[in-house]
Amino acid sequence: MLAALGPPTFPPLVIRISPDPHPMADTTLMDKLVSLCKRRGFVFQSSEIYGGLGSVWDYGPLGVELKKNVKDSWWRAMVHARDDIEGIDAAILMHPRVWEASGHVAGFTDPLVDCRTCKARFRADKVADAQCPQKPSKHPGEHSTCDLTEPRMFNLMFKTFMGPVEEQAAVVYLRPETAQGIYVNYQNVLNASRQKIPFGIAQIGKAFRNEITPGNFIFRTREFEQMEMQFFVKPGTDGEWFERWREWRMQWHQSIGLTPTRLRWHQHGPGELAHYAKMAFDIEYEFPFGWNEIEGIHNRSDYDLGRHQEYSGKKLEYFDQAGNERYLPYIVETSAGADRVTLTTLVDAYREEEVEGETRVVLGFHPAIAPIKTAILPLVKKDGMPELADRLYHDVKRNMPAFYDDAGAIGRRYRRMDEAGTPFCCTVDGDTLKDGTVTVRDRDSMQQVRVGTDNLVAYLRQQVGG
Ligand code: GAP
């Protein structure tokens with residue numbers, strides 16, 4: 001099992017106050033990863049047979065397992081391992097007034113610029129991260145022929161209509177964040193559970209943003225999943241809770257195997273803070289295209305409950321029996337992207353090694369998030385080995401995701417499993433028939449040990465932590 005909430009052992013805190021210069025992205029690693037993801041069935045382009053839909057992606061058989069493992073690990077750490085957090089699953093469509101109260105109708109906008117020469121479109125505040133389509137590779141505005149328009153504001157919410165008539169009164173939005181579904185249910189959860197402040201509500205679900213410049217594979221997409229938790233606290237205690245949540249969230253990213261030195265903090269400066277935030281820190285990861293946010297931790301003060309109280313006309317104050325006082329709770333939010341964390345696990349796990357004159361590509365996932373935990377391989381397709389391997393495969397599969405492969409040379413089968421990130425390969429060979437043992441090959445060290453078939457499931461469970 002993953003260490004969900006161990007005692008606080010704090011990672012090194014690196015706070016970047018001023019932004020780094022933005023170098024051009026190194027696309028080689030990302031190109032290799034995109035290609036591997038398609039080849040091995042992690043991620044496919046949406047509607048590919050129709051030419052694809054821009055920046056929308058589908059998860060294949062291995063990808064759906066990987067992302068599910070990331071989400072399950074988050075849910076275990078945030079909900080199951082704690083007594084002070086409840087889970088919910090709110091609907092994507094919400095009353096349109098929610099988005100007026102939240103500030104999204106008025107303010108969820110990005111500044112957009114067009115280039116009159118190449119017709120490309122950029123976020124005005126991210127020009128330094130963008131690439132002009134003209135060659136040689138430069139940032140927009142840097143070629144003598146670039147002709148950028150003045151920025152204009154563009155709302156990122158997707159609109160649709162409820163009911164048969166497409167009129168303004170029927171407009172509803174695809175939620176751009178899951179958080180609002182938690183705020184509007186805060187009193188329902190409080191009434192239905194035994195929670196008292198401080199307590200939290202967690203949710204995993206889809207969010208939609210009509211991003212101007214999506215890209216970098218599944219890093220920034222128009223449809224994505226968020227893993228969000230809103231922690232309701234007494235005003236005045238928000239600072240302490242904010243610090244605790246920063247520590248716990250950084251620990252979680254390390255618990256799923258991300259390299260600590262590729263994680264750092266970025267504190268939002270006054271010009272960067274979202275309209276609802278009193279204080280905000282991002283957890284950033286060092287991607288091949290630079291340091292970028294994977295999770296935000298925000299002190300949202302009483303902004304959200306205050307706005308919903310005002311717009312709905314319903315009292316959302318909390319009565320604190322112990323202190324005999326009423327107050328509007330403050331909220332500390334932790335908000336991570338499930339797709340973005342999944343991409344981070346892929347980038348972090350990817351490595352190439354020279355083995356006997358050949359390049360070995362490995363996805364070195366933490367066993368807890370690896371889509372397949374074990375492969376069962378008969379050395380040859382004769383002498384009773386496939387039958388024995390098939391029996392073992394079914395034994396193991398009852399306990400953990402496993403894969404049976406008898407196609408091709410054993411070395412090739414190992415390489416396929418290395419690319420899929422499978423931590424262990426068990427091979428049934430001639431000795432298995434004589435002494436009842438199989439070889440268990442470790443993906444990372446490539447060392448092999450012999451393990452008795454009677455003991456195989458227990459051995460593997462111990463190794464993968466199940
Ligand atoms: N409720 C607060 C909120 O939504 P955010 O910083 O806008 O805050 C939180 O988003 C997280 O959601 C980000 O750290 C990122 O992991 C993920 N995210 C946001 N926009 C995304 C997009 N277009 N594609 C993929 N993930 C995204």
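The values are calculated or read from the model by the stated rules, or taken from the named source; none is laboratory data. Just so you know, these numbers come straight off a predicted model, no measurement behind them. Reconstructed Cβ throughout: ideal geometry from the backbone, glycine too, with neighbour counts over all protein chains shown. All accessible areas refer to the heavy atoms of the entire protein, side chains included, with ligands and DNA or RNA removed. Shrake-Rupley method; radii C 1.70, N 1.55, O 1.52, S 1.80 Å.
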Exercise. With a Förster radius of 51 Å, plug the Cβ-Cβ distance of E310 and K119 into 1/(1 + (r/R0)^6) and report the FRET value to the nearest 0.05.
Key: 0.75
Quiz item: So what is the diffusion coefficient of region 177-238 in µm² per second by Stokes-Einstein at 25 °C and 0.890 mPa s, using a Kirkwood Rh over Cα pairs?
Solution: 181 µm²/s
Quiz item: Percent relative contact order of the chain, based on C-alpha pairs within less than 8 angstrom and at least six residues apart?
Solution: 15 percent
Quiz prompt | Nitroxide proxy distance, nm - points 7 Å out along Cα→Cβ at K397 and E100 | solution = 5.6 nm
Exercise. Note down the net charge around V127, summing +1 for each Lys or Arg and -1 for each Asp or Glu among other residues with Cβ under 14 Å from its Cβ.
Key: -3
Self-check item: Long pairs among K159/K314; K38/K135; K32/K206; K68/K138, criterion Cα-Cα beyond 30 Å
Solution: K68/K138
Practice problem: Run down the lysines and flag those whose C-alpha is under 22 Å from the C-alpha of K278, throwing out any fewer than 8 positions away in its chain. | Solution: K234
Quiz prompt | Where the chain is the region considered: accessible area per residue in Å², 1.4 Å probe | solution = 47 Å²
Quiz item: Given labels modelled 7 Å from the Cα in the Cβ direction, how far is it in nm from D435 to D31?
Solution: 4.9 nm
Quiz item: Among the lysines, which fall within straight-line cross-link reach of K434, defined as a Cα-Cα distance under 19 Å, with same-chain neighbours fewer than 8 residues apart omitted?
Solution: K381, K382
Practice problem: Keeping the other protein chains in place, figure out the carbon and sulfur percent of the accessible area of region 118-258, with a 1.4 Å probe. | Solution: 48 percent
Quiz item: When the Kirkwood radius is taken over all Cα pairs of the chain, what Stokes-Einstein diffusion coefficient follows at 37 °C and 0.692 mPa s, in µm²/s?
Solution: 132 µm²/s
Quiz item: Full extension from R194 to S144: what is 0.36 nm times the residue separation minus their Cα-Cα distance, to one decimal in nm?
Solution: 11.5 nm
Quiz item: Straight-line reach from K71: which aspartates and glutamates have a Cα under 15 Å away, not including same-chain ones fewer than 8 places off?
Solution: D89, E225, E228, E295, D339
Practice problem: Would you mind telling me the antiparallel percentage of the DSSP bridges in the chain, rounded to 5? | Solution: 85 percent
Exercise. Counting residues in region 16-153 as N, plug N into 2.2 N^0.38 Å and put the Cα Rg over that result.
Key: 1.44
Exercise. Would you mind computing, in nm to one decimal, how far apart the modelled labels at T237 and D58 are, each placed 7 Å from Cα along Cα→Cβ?
Key: 4.8 nm
Self-check item: Under 14 Å, Cβ to Cβ, from V457 - net charge with Lys/Arg +1 and Asp/Glu -1
Solution: +3
